[in-house]
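Trainee: Below: one structure in structure tokens.
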Amino acid sequence: MTDIPALAERLDDAARTGCAVPRISDASPLDLQDAYRIRTQLVDRRLARGENLVGLKLGPCTAAGMAGLGLSAPLEGRLTDAMDLTARGRIDLAAFVAPRAEVEIAFRLAPAALTGEMPADPRDAVEAVAVALEIADSRYPDFSFGLPDLVADNCCAAGFALGPWLPPASLSPAFSLGGRGMRLRIDGAIVDSAGTDDVLGDPWAMAVHGLALARQAGTGARILLSGSPIAPRPLAAGQVVQAEIDGFGSIVLAVDGPAGA
């Protein structure tokens with residue numbers, strides 16, 4: 001029998017200490033049902049320490065990424081306020097195992113969208129959008145995992161920083177999220193780029209998917225991170241990492257070291 005509490009504790013300790021632990025499936029088979037139970041208890045441990053649920057990270061956001069994991073829809077990980085690096089403006093590598101940066105779209109859901117009837121138009125549920133810099137971190141060695149291990153580890157949720165919030169109607173053209181360049185910079189140089197159309201073909205489709213999941217997660221889950229069509233990039237001490245989306249602006253984090261074990 002899978003010891004759910006013990007495995008949740010192991011992954012929680014790994015996240016708190018920045019020290020990798022063996023993949024759960026290396027010791028014994030892990031099915032998705034047990035993986036979700038581990039994820040639930042893992043997040044519950046954070047909430048018991050006083051953290052608050054603030055949103056969800058979604059992904060993969062591309063057909064290729066989902067096919068690689070045998071998925072027909074994106075997964076979700078839970079975000080807490082302790083993961084929000086926006087105000088700090090820095091990421092401390094010692095607090096992570098092997099963090100990687102991704103550029104994404106953030107949606108902020110209106111409170112009523114989480115409790116009332118499901119809006120017919122997803123744009124009615126979203127009160128603001130922003131560029132997001134997600135810090136993904138696997139608690140397993142070498143950022144290597146299968147689907148159940150990924151789910152148990154809260155889908156690598158570790159940190160995020162947000163650019164300025166913008167009402168969707170203020171974008172030009174209004175409410176249009178398509179056709180925008182997404183770039184990840186390190187020390188000012190573009191290291192990878194993609195387009196917002198690469199997010200499920202239309203980022204609003206990810207908002208629809210995330211809204212349904214957020215309504216299940218609870219009223220605190222107002223932030224949705226879209227997932228990134230750009231591969232996660234490892235970070236090193238002394239770097240400055242920047243995410244930018246055309247028309248959204250940018251968000252920057254300085255990287256402090258050394259990295260965790």
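Trainee: Might you let me know whether segment 196-219 holds any residue that is surrounded by fewer than 18 Cβ atoms within 10 Å (Cβ to Cβ), over 18 Å from the mean Cα position of the chain (by Cα), at pLDDT 95 or above and of a type outside the set (S, T, N, Q)?
Mentor: For segment 196-219, residues surrounded by fewer than 18 Cβ atoms within 10 Å (Cβ to Cβ), over 18 Å from the mean Cα position of the chain (by Cα), at pLDDT 95 or above and of a type outside the set (S, T, N, Q): present.
Trainee: From Ala205, Ala236, Ala243, which residue is farther than 23 Å from Leu177 by Cβ and not hydroxyl-bearing (Ser, Thr, Tyr)?
Mentor: Going through Ala205, Ala236, Ala243 in turn, the sole match is Ala236.
Trainee: In addition: Has segment 62-69 got any residue that is closer than 27 Å to Ala128 by Cα, crowded, with 18+ Cβ neighbours inside 10 Å and within 14 Å of the chain's Cα centre (by Cα)?
Mentor: Checked segment 62-69: no residue is closer than 27 Å to Ala128 by Cα, crowded, with 18+ Cβ neighbours inside 10 Å and within 14 Å of the chain's Cα centre (by Cα).
Trainee: Condition first: farther than 22 Å from Pro60 by Cα and in a helix (DSSP H, G or I). Can you find one or more residues in segment 231-241 that meet it?
Mentor: Scanning segment 231-241, I find no residue that is farther than 22 Å from Pro60 by Cα and in a helix (DSSP H, G or I), so the answer is no.
Trainee: Among the listed residues Glu127, Glu76, which satisfies the condition of being under 25 Å from Ala15 (Cβ atoms) and among the acidic types (Asp, Glu)?
Mentor: Only one candidate passes the filter, namely Glu76.
Trainee: Find all pairs meeting these conditions: Cβ atoms under 6 angstrom apart; at least six residues apart or on different chains; first residue within segment 185-197 and under 11 Å from Ala243 (Cα atoms); second residue in a strand (DSSP E or B) and not polar (S, T, N, Q).
Mentor: Within 6 Å, the pairs are Ile186/Val241; Ile190/Arg183; Val191/Leu184; Val191/Arg233; Asp192/Leu184; Ser193/Arg183.
Trainee: Considering (1) of a type outside the set (Ser, Thr, Tyr); (2) outside any helix (DSSP H, G or I); (3) closer than 21 Å to Pro60 by Cβ, say which one Gly220 fails and leave the rest.
Mentor: The one condition Gly220 does not meet is (3).
Trainee: Right, something else. How many residues does segment 134-164 contain that are surrounded by 24 or more Cβ atoms within 10 Å (Cβ to Cβ), polar (S, T, N, Q) and part of a loop (DSSP other than H, G, I, E, B)?
Mentor: 1
Trainee: Let me ask another. Which condition number in (1) modelled with pLDDT of 95 or more; (2) in contact with a Pro (Cβ under 8 Å, 6 or more places away or on another chain) is the one that Leu30 fails?
Mentor: Leu30 satisfies all of (1) modelled with pLDDT of 95 or more; (2) in contact with a Pro (Cβ under 8 Å, 6 or more places away or on another chain) except (1).
Trainee: Another question, then. Could you tell me whether Glu9 is out of contact with any Lys or Arg (no Cβ under 6 Å at 6 or more places or on another chain), among the acidic types (Asp, Glu), under 27 Å from Val199 (Cβ atoms) and surrounded by 12 or more Cβ atoms within 10 Å (Cβ to Cβ)?
Mentor: No; evaluated as a whole, the condition is false for this residue.
Trainee: Can you go through Val191, Val131 and tell me which one is over 19 Å from Leu71 (Cα atoms), out of contact with any His (no Cβ under 9 Å at 6 or more places or on another chain), buried (at least 24 other Cβ atoms within 10 Å of the Cβ) and modelled with pLDDT of 95 or more?
Mentor: Val131
Trainee: Tell me yes or no: at least one residue of segment 110-118 is within 21 Å of Pro74 (Cβ to Cβ), out of contact with any helix residue (DSSP H, G or I) (no Cβ under 6 Å at 6 or more places or on another chain) and touching a residue at least 12 places away in the same chain (Cβ under 8 Å).
Mentor: Yes; the residues of segment 110-118 include at least one that is within 21 Å of Pro74 (Cβ to Cβ), out of contact with any helix residue (DSSP H, G or I) (no Cβ under 6 Å at 6 or more places or on another chain) and touching a residue at least 12 places away in the same chain (Cβ under 8 Å).
Trainee: Further question: Can you tell me how many residues in segment 25-53 are surrounded by 18 or more Cβ atoms within 10 Å (Cβ to Cβ) and either in contact (Cβ under 8 Å) with a residue 60 or more places away in the chain or of a type in the set (Ser, Thr, Tyr) (or both)?
Mentor: 8
Trainee: With the structure loaded, tell me whether Ile186 is surrounded by fewer than 24 Cβ atoms within 10 Å (Cβ to Cβ), of a type outside the set (Phe, Trp, Tyr) and more than 26 Å from Arg78 (Cα to Cα) or whether it fails that test.
Mentor: In short, yes.
The values are calculated or read from the model by the stated rules, or taken from the named source; none is laboratory data. Just so it is clear, the model here is predicted, and its values are computed rather than measured. Every residue, glycine among them, receives a Cβ derived from its backbone with ideal geometry; neighbour counts consider all protein chains shown.
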